[in-house]
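The block underneath contains the structure these notes are about, expressed in structure tokens.
The values are calculated or read from the model by the stated rules, or taken from the named source; none is laboratory data. Every value quoted in this text rests on a predicted model; they were computed, and no experiment measured them. Glycine gets a Cβ as well: all are built from the backbone with ideal geometry, and neighbour counts include every protein chain shown.
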Amino acid sequence: MPEIFINGQSVQAADNQSVLEAARASGYYIPYFCWHPKLSVAGNCRICVVQVEGRSWVEIACNMPVTEGLRVFTDSDLVKAHRKMVMQFLTLNHPVDCGICDKAGECTLQDYHYAYNGAPSISHEPKVRSTKFHDLSARIVLDNERCIVCSRCVRFTHEISKSCALGIKHRGDESLVRASEDGALDRDPYSDNVVDICPVGALLSRQFLHKARVWYLKPTPSVCPGCARGCTVQIWHRKPEWRLKALDPKQNARIDRVTPLENPAVNGPWICNKGRDLAAILERARAEAPMLKGKPVELAAAIDAARRLLGAAKRPVALVSSWGSNEELAAFKSALSARVDAFVKEDSTPAPGERLDDDLLIRADKNPNTTAARALFAQLPNPAVFPADTDLVLVWGEGFDFARIPAGARIIFLNAWLQPENGHADVFFPVSIQTERPGHYTNFQGVVSAFEPCFPKPPGVADAESLFAALGAQGQP
Ligand code: SF4
Ligand code: SF4
Ligand code: FES
């Protein structure tokens, strides 16, 4: 544990830390562009300079190991002058088109410009022009004029996703980040993390391109349901006070983007692209009306009908959702498990071409809460085998082929989405999804993560948890 001194104050550093890491850990701020806590040190942006006591020059803190008794200054006149020069150099050819840049409001270059520079570029030469809106992949657009060639994106693909999809070609002010070969970044299922770690507005998500200013948006903590990893994420949506009155109300209640919510116990600072595409999962057309054999009814009538079916059934079987929250699974267990034989089913299976699993995050089980469901209920055998005298099947969640339900058995179905099977059930309940209610999932390692609601439930939709309580309370024989 070396003791170092930052601006004259004693700091206990950890062995093998850099001065930048020791400073961050003890509350001193040293600016950085190219350094990232999960990537190797590149040392190319030079903004993190500090001055060692007694020296008349500056050195970069991200690559300076702590040593016993080291004394550094983060804000000497020499450091300030050098930072200002670095900022002037980095903005020399920068287009300063912040007004149309999606990174505005989250851009380190903007922040440091105001914090350390504040002066315009001093070159008398015209700015070097470069490629704008280069298609790096189908998902990512690159603006080379904004790139400060920090190499974070390149190192991410070499060190984290291991696709080696990006490199830098040419040198000096002609340097260009480019895909290593055609389609290389398209094949990287973690590619969109480079948009997050780009410190400037050079890498942009096509999904989010010019869609909204970030200061009109609000992040709600959530959990990706895309696989059993259960990465924690932030679902960004419009702030209520910035609702656009002229638009369809649905435009104000949509997922604008999804970013990782850093969680050392689960996903670190990363998520895969499926997690970014939650809108494709959670914004499918919704079922909004309870039904009896395909005819819309009031919720109370559907609950009465389901109670009667449960009360009359001699051999009811339930297929429990592996997308149900811990709270919903517990509610099902306490309300109904004494009356029905319950089995956990897979709501979701890998899509064609989807990566099955890997060593970084992606898991083969494409359901978020199999672990919690399996702790309470047995797994449904594959193929499903029902007892011969099954006369009622309660199906909770999507993904089960109704053709496998024994002929003649009555069906109670709880589902969130508009699907043909809804009309085939004797009783159908539309249920809420995770963006409409709070809850928890337990991932494959047993880590429990919380999600919070960000949108109201559509009218006619019920929470599965309250439905189970209502069915259990009145369904006693
Ligand atoms: S595109 Fe962004 S992350 Fe990549 S080198 Fe340029 S500034 Fe760095
Ligand atoms: S690894 Fe799994 S849980 Fe994490 S973002 Fe991807 S699909 Fe979602
Ligand atoms: S952060 Fe140290 S050189 Fe870039």
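If the requirement is being away from ligand 3 (no atom under 16 Å from the Cβ), among the aliphatic types (A, V, I, L, M) and at pLDDT 95 or above, which of these qualifies: Ala61, Ala23, Ala42, Ala14? Break it down stepwise before answering.
Details: Ala61 fails: away from ligand 3 (no atom under 16 Å from the Cβ); Ala23 fails: away from ligand 3 (no atom under 16 Å from the Cβ); Ala42 fails: away from ligand 3 (no atom under 16 Å from the Cβ).
When all the criteria are applied, what remains is Ala14.
Residue-by-condition table, conditions (1) within 14 Å of ligand 1 (Cβ to nearest atom); (2) farther than 19 Å from Asp277 by Cβ; (3) among the aromatic types (Phe, Trp, Tyr):
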residue: Arg155; (1), (2), (3): yes, yes, no
residue: Ala165; (1), (2), (3): yes, no, no
residue: His170; (1), (2), (3): yes, yes, no
residue: Ser175; (1), (2), (3): yes, yes, no
residue: Ala179; (1), (2), (3): yes, yes, no
residue: Ala184; (1), (2), (3): no, yes, no
residue: Val194; (1), (2), (3): yes, no, no
residue: Cys198; (1), (2), (3): yes, yes, no
residue: Leu203; (1), (2), (3): yes, no, no
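Looking only at the range 4-38, residues that are within 16 Å of ligand 1 (Cβ to nearest atom) and buried (at least 18 other Cβ atoms within 10 Å of the Cβ) come to 6 in all. Close Cβ contacts (under 6 Å, 6 or more residues apart or on different chains) running from residues in the range 264-290 that are touching a residue at least 40 places away in the same chain (Cβ under 8 Å) to residues that are of a type in the set (Gly, Ala, Ser) and not in a loop (DSSP other than H, G, I, E, B) comprise Pro290/Ala302.
Condition check ((1) surrounded by fewer than 14 Cβ atoms within 10 Å (Cβ to Cβ); (2) outside the structural domain of Asn422 (by TED's automatic domain parsing)) across all residues:
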site	(1), (2)
Glu241	yes, yes
Pro264	yes, yes
Asp277	no, yes
Asp304	no, no
Arg307	no, no
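Is it the case, given these coordinates, that Cys34 is touching a Phe, Trp or Tyr at 6+ places or on another chain (Cβ under 8 Å) and either within 11 Å of ligand 3 (Cβ to nearest atom) or within 27 Å of Pro264 (Cα to Cα) (or both)? No, not satisfied. Among the residues of the range 209-228, are any within 20 Å of the chain's Cα centre (by Cα), assigned to a helix (DSSP H, G or I) and within 16 Å of ligand 2 (Cβ to nearest atom)? Scanning the range 209-228 turns up no residue that is within 20 Å of the chain's Cα centre (by Cα), assigned to a helix (DSSP H, G or I) and within 16 Å of ligand 2 (Cβ to nearest atom). Listed by position, the helices (runs of 4 or more DSSP H) contained in the range 259-336 that have at least 2 residues being touching a Lys or Arg at 6+ places or on another chain (Cβ under 8 Å) are 273-276, 299-312.
Go over the candidates Ile100, Ile140, Ile168, Ile160 one by one and state the one that is over 24 Å from the mean Cα position of the chain (by Cα), surrounded by 14 or more Cβ atoms within 10 Å (Cβ to Cβ) and outside the structural domain of Arg276 (by TED's automatic domain parsing). Testing whether each residue is over 24 Å from the mean Cα position of the chain (by Cα), surrounded by 14 or more Cβ atoms within 10 Å (Cβ to Cβ) and outside the structural domain of Arg276 (by TED's automatic domain parsing) leaves just Ile168.
Here Asn144 fulfils each of the conditions (1) within 20 Å of Ala280 (Cα to Cα); (2) modelled with pLDDT of 95 or more; (3) of a type in the set (S, T, N, Q) apart from (1).
Evaluated against (1) touching a residue at least 60 places away in the same chain (Cβ under 8 Å); (2) within 13 Å of ligand 2 (Cβ to nearest atom); (3) out of contact with any Gly (no Cβ under 8 Å at 6 or more places or on another chain); (4) not aromatic (Phe, Trp, Tyr), Asp359 falls short on exactly one condition, (1).
If you go through the range 339-348 one residue at a time, do you hit one that is closer than 23 Å to Pro406 by Cα and either out of contact with any strand residue (DSSP E or B) (no Cβ under 7 Å at 6 or more places or on another chain) or hydroxyl-bearing (Ser, Thr, Tyr) (or both)?
Yes, that holds for at least one residue.
With the condition kept exactly as written, say whether any residue in the range 203-218 is surrounded by 24 or more Cβ atoms within 10 Å (Cβ to Cβ) and out of contact with any Phe, Trp or Tyr (no Cβ under 9 Å at 6 or more places or on another chain).
First, pick out the residues of the range 203-218 that are surrounded by 24 or more Cβ atoms within 10 Å (Cβ to Cβ): 203.
Restricting the remaining residues to those that are out of contact with any Phe, Trp or Tyr (no Cβ under 9 Å at 6 or more places or on another chain) gives 203.
Yes, the range 203-218 has at least one match.
You will find that of Val58, Val41, the residue that is touching a His at 6+ places or on another chain (Cβ under 6 Å) and either on the phi > 0 side of the Ramachandran plot or surrounded by 14 or more Cβ atoms within 10 Å (Cβ to Cβ) (or both) is Val58 and no other.
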